[in-house]
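Chemist: What follows is a single structure, and I will ask about it in a moment.
The values are calculated or read from the model by the stated rules, or taken from the named source; none is laboratory data. The structure displayed is predicted, hence computed values, not measured ones. Glycine also receives a Cβ, built like all others from the backbone with ideal geometry; neighbour counts cover every protein chain displayed.
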Amino acid sequence: HEPLLAVESLAVRFGGVDGGFLALEDVSFQLEAGETLSLLGESGSGKSVTAQAVMALLPGNAEISGGHIAFSGEDLVSLPRSRTRALCGTQMGMIFQDPLTALNPVFTVGDQIAELFQVRQGYGRRTAWSAAADVIDAVGIPDARHRLNAYPHQFSGGMRQRLVIAMAIALKPRLLIADEPTTALDVTVQAQIMELIGNLQRETGMALLLITHDLGVVADVTDRVAIMYAGRIVETGPVRVVYDHPAHPYTRGLMSSIPSLDESDGPLSTIPGLPPNPRDRPSGCPFHPRCSFAKPVCAVERPPMRALSGGRMAACHFAEEVVRLDPVS
Ligand code: SF4
Ligand code: MG
């Protein structure tokens, strides 16, 4: 059995005059066809770099310095860039955080979406326009056929994000990667966009890799979560198992910073301290300076990822004890 996406011991190095730093270290996860996995963590934890590595979109000063990324059994790290680009255009789609970077302001949305069908699938112009109308209809933009002649600025923020989703799913990718797809939107529209992504995923059977710092956003759509900290995955497992009984103190801290819907006036508790500078990560467990459970061994020995009950893995010396703590309120 071969997963759709298998990332194995991935390391990504950013270069620089100061010697650079590792943005990702030993990142491993798998995604099955049709499954949803969410990468969660604070800004700078390595979530976006992971997506960029998979999509061959790393910035020029970054390189994959170790590990493998297999898509449907093909190793993307050793593939020629042209083949990776072709896969990224057709079998993998990506939704970016800011719709305006993905849409060209000087072309109508019809031109932009139809071009995908013309260039990638060799459709004639009429067929391509008709396919474009079907796609923007599928993402819930009313009056699709007429709206094809509009320019991106003539749509609201939420509708623009629907257009970006339309472009990402137009060629029926087997994997959709969405990097903070709702961050720029207001709360009501966020919920609508997440619902749309979830519905499209169920209808098309595509796998979904969701990247977010907001645990609440993904709780209802994701099968599994992987929590990232300082360039590594520190806990991964089925969403309910991880949310209800986190095994890593960092996950527990993230949980308690989710605003609870029924106590909207309560203060948010957050994890004290800041994520480490990637050029100067702490010894032992990278989380130990911020961890309220830390013991002397934590500053010395790096905890490996270990399998625990419930189909979950975590990188903490005391994971079994953390699991047994009272649920996060
Ligand atoms: Fe905290 Fe130690 Fe576990 Fe790291 S290994 S998360 S410092 S208890
Ligand atoms: Mg990011």
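Chemist: Out of region 285-299, which residues are buried (at least 18 other Cβ atoms within 10 Å of the Cβ) and either under 27 Å from the mean Cα position of the chain (by Cα) or within 16 Å of ligand 2 (Cβ to nearest atom) (or both)?
Modeler: 285, 286, 287, 288, 290, 291
Chemist: Show the residue pairs that are 6+ apart or on different chains and have beta-carbon atoms under 7 Å apart, the first residue being within region 36-54 and under 20 Å from residue 72 (Cβ atoms), the second being within 16 Å of ligand 1 (Cβ to nearest atom) and among the polar types (S, T, N, Q).
Modeler: none
Chemist: Can you find a residue that is among the aliphatic types (A, V, I, L, M), out of contact with any helix residue (DSSP H, G or I) (no Cβ under 6 Å at 6 or more places or on another chain) and surrounded by fewer than 15 Cβ atoms within 10 Å (Cβ to Cβ) anywhere in region 81-99?
Modeler: Checked against the condition, which is being among the aliphatic types (A, V, I, L, M), out of contact with any helix residue (DSSP H, G or I) (no Cβ under 6 Å at 6 or more places or on another chain) and surrounded by fewer than 15 Cβ atoms within 10 Å (Cβ to Cβ), region 81-99 yields at least one hit.
Chemist: Could you grab me the full set of residues in region 25-50 that are among the acidic types (Asp, Glu) and within 16 Å of ligand 1 (Cβ to nearest atom)?
Modeler: 25, 26, 42
Chemist: Here is a further query. Residues in region 295-315 that are within 13 Å of ligand 1 (Cβ to nearest atom) and either modelled with pLDDT under 95 or touching a Cys at 6+ places or on another chain (Cβ under 7 Å) (or both): how many? Working first, answer last.
Modeler: If we filter region 295-315 for residues that are within 13 Å of ligand 1 (Cβ to nearest atom), which is where we start, we get 295-306, 308, 314-315.
Still in the list and also either modelled with pLDDT under 95 or touching a Cys at 6+ places or on another chain (Cβ under 7 Å) (or both): 298, 302-303.
Qualifying residue count, region 295-315: 3.
Chemist: Quick one: which helices (runs of 4 or more DSSP H) lie wholly within region 97-188 and hold at least 1 residues that are at pLDDT 95 or above, within 16 Å of ligand 2 (Cβ to nearest atom) and basic (Lys, Arg)?
Modeler: Working: elements: 99-102, 109-121, 125-138, 144-147, 157-169.
By residue number, no helices (runs of 4 or more DSSP H) qualify.
Chemist: Of the residues in region 234-259, how many are under 18 Å from residue 50 (Cα atoms) and within 13 Å of ligand 1 (Cβ to nearest atom)?
Modeler: 2
Chemist: Show the residue pairs that are 6+ apart or on different chains and have beta-carbon atoms under 7 Å apart, the first residue being within region 86-112 and under 17 Å from residue 131 (Cβ atoms), the second being of a type in the set (Ser, Thr, Tyr).
Modeler: 108/151
Chemist: Separate question: Looking at (1) crowded, with 22+ Cβ neighbours inside 10 Å; (2) touching a His at 6+ places or on another chain (Cβ under 9 Å); (3) at positive phi, which is the one condition that is false for residue 46?
Modeler: Just one mismatch for residue 46, condition (2).
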